[in-house]
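Inspection log for the structure reproduced underneath, given as structure tokens.
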Amino acid sequence: AEVVLSLKTIPSEGPLKPTLFLEPRGGYPHVGERLVLLRPTGAEVFGSEEFEQRAEGFREPGKNAAVYRIGGESCITGPIARFNAAYGFLREETRELLESLGWRPPLRDVRQSIVARIAEIYDALLVLRDFLAEYKKPAQTGVYAAATASPRSRSACTSVVEAPRGVLYHKYVVNEELRVVEAKIVTPTQINIAGVEEIAREALSGAGPLSEGDLRRAAEALVRSIDPCLSCSVPVPYTHL
């Protein structure tokens, strides 16, 4: 953490899109019921049950999954969004480390996501340390119960969680026999990809003439900063940028 956070080469004034995150309510956001879309003009708060009304999925050439925009515009979800919104809920020890090395919110460049990732990992290790120090084996290790009630008709349930790379949306519909008859998952990458492409175009169009190698490295840095899972799982062609 000290090595990376001491680097003077982390960009600080790049483009940043509106951010999407779970509403922090009494702690750093992990699981919740309400989402926040934060724009420069203000914040919009809505429940998970409204997600599909506000999030539009588009099929685009060359992509196997739908690309989502919230309210018709691209946004970024993930560590940088959580860090800027809920910094005060990180442990004091984590905040002291960050501030001793010159880091405080808001982070203003998507390539500063590494700062937020380190903060979250460091904070999680502190939580784990304290949990193990105070751990006592429970007398009962599991509770199992048979389903005793059935809905009278199809019922839909929705949920949102903060995965490491951002907001993850789930929707399930169950029938009278409590069988799942419909399921929908919107991953953070589907939310991030439109913002990734727009930020890459904006950043690279103003960078002046670049060799193919420099163009590739600059695009990869942006992609990995926002959504490292994408760069690991998909060979991305950069020629269209």
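The values are calculated or read from the model by the stated rules, or taken from the named source; none is laboratory data. All of these numbers come straight from a predicted model, not from anything done at the bench. Virtual Cβ from ideal backbone geometry, glycine too; neighbours counted across all protein chains shown. Note: areas computed on protein heavy atoms with side chains; ligands, DNA, RNA excluded. Shrake-Rupley method; radii C 1.70, N 1.55, O 1.52, S 1.80 Å.
Can you spot a residue in segment 52-62 that is assigned to a loop (DSSP other than H, G, I, E, B), open to solvent by less than 60 Å² (accessible area, probe 1.4 Å), at pLDDT 90 or above and over 23 Å from Lys8 (Cα atoms)? The answer is no, given that none of the residues of segment 52-62 is assigned to a loop (DSSP other than H, G, I, E, B), open to solvent by less than 60 Å² (accessible area, probe 1.4 Å), at pLDDT 90 or above and over 23 Å from Lys8 (Cα atoms).
If the condition is being surrounded by fewer than 16 Cβ atoms within 10 Å (Cβ to Cβ), closer than 22 Å to Ala194 by Cβ and touching an Asp or Glu at 6+ places or on another chain (Cβ under 9 Å), then segment 67-114 contributes Gly71, Gly72, Arg108.
Residue count for segment 32-48, restricted to those that are surrounded by 13 or more Cβ atoms within 10 Å (Cβ to Cβ), more than 14 Å from the chain's Cα centre (by Cα) and assigned to a strand (DSSP E or B): 5. Restricting attention to segment 1-38, the residues being over 26 Å from Ile191 (Cα atoms) and not hydrophobic (A, V, I, L, M, F, W, C) number 4. Against the list (1) part of a loop (DSSP other than H, G, I, E, B); (2) open to solvent by 20 Å² or more (accessible area, probe 1.4 Å), the condition Pro29 fails is (2).
Look at segment 87-108: where a residue is in a helix (DSSP H, G or I) and a partner is of a type in the set (D, E, K, R) and buried (at least 17 other Cβ atoms within 10 Å of the Cβ), sitting 6+ places away or on another chain with Cβ atoms under 6 Å, you get Thr94/Asp123. Here is the figure for segment 27-66: residues that are closer than 13 Å to Ala194 by Cα, of a type in the set (Lys, Arg) and in contact with a strand residue (DSSP E or B) (Cβ under 9 Å, 6 or more places away or on another chain) total 1.
Restricting to segment 206-238, give me the number of residues that are touching a Leu at 6+ places or on another chain (Cβ under 9 Å) and modelled with pLDDT under 65. Looking only at that region, the number is 2. Go through segment 65-109 and give me each residue that's among the basic types (Lys, Arg) and closer than 20 Å to Glu162 by Cα. Within segment 65-109, Arg69, Arg82, Arg91 meet the criteria.
Among the candidates Val161, Val173, Val181, Val186, the residue that is farther than 24 Å from Arg224 by Cβ, surrounded by 14 or more Cβ atoms within 10 Å (Cβ to Cβ) and at pLDDT 90 or above is uniquely Val173.
Would you confirm whether or not segment 49-68 contains a residue that is within 16 Å of the chain's Cα centre (by Cα) and within 30 Å of Tyr122 (Cβ to Cβ)? No, every residue in segment 49-68 fails to be within 16 Å of the chain's Cα centre (by Cα) and within 30 Å of Tyr122 (Cβ to Cβ).
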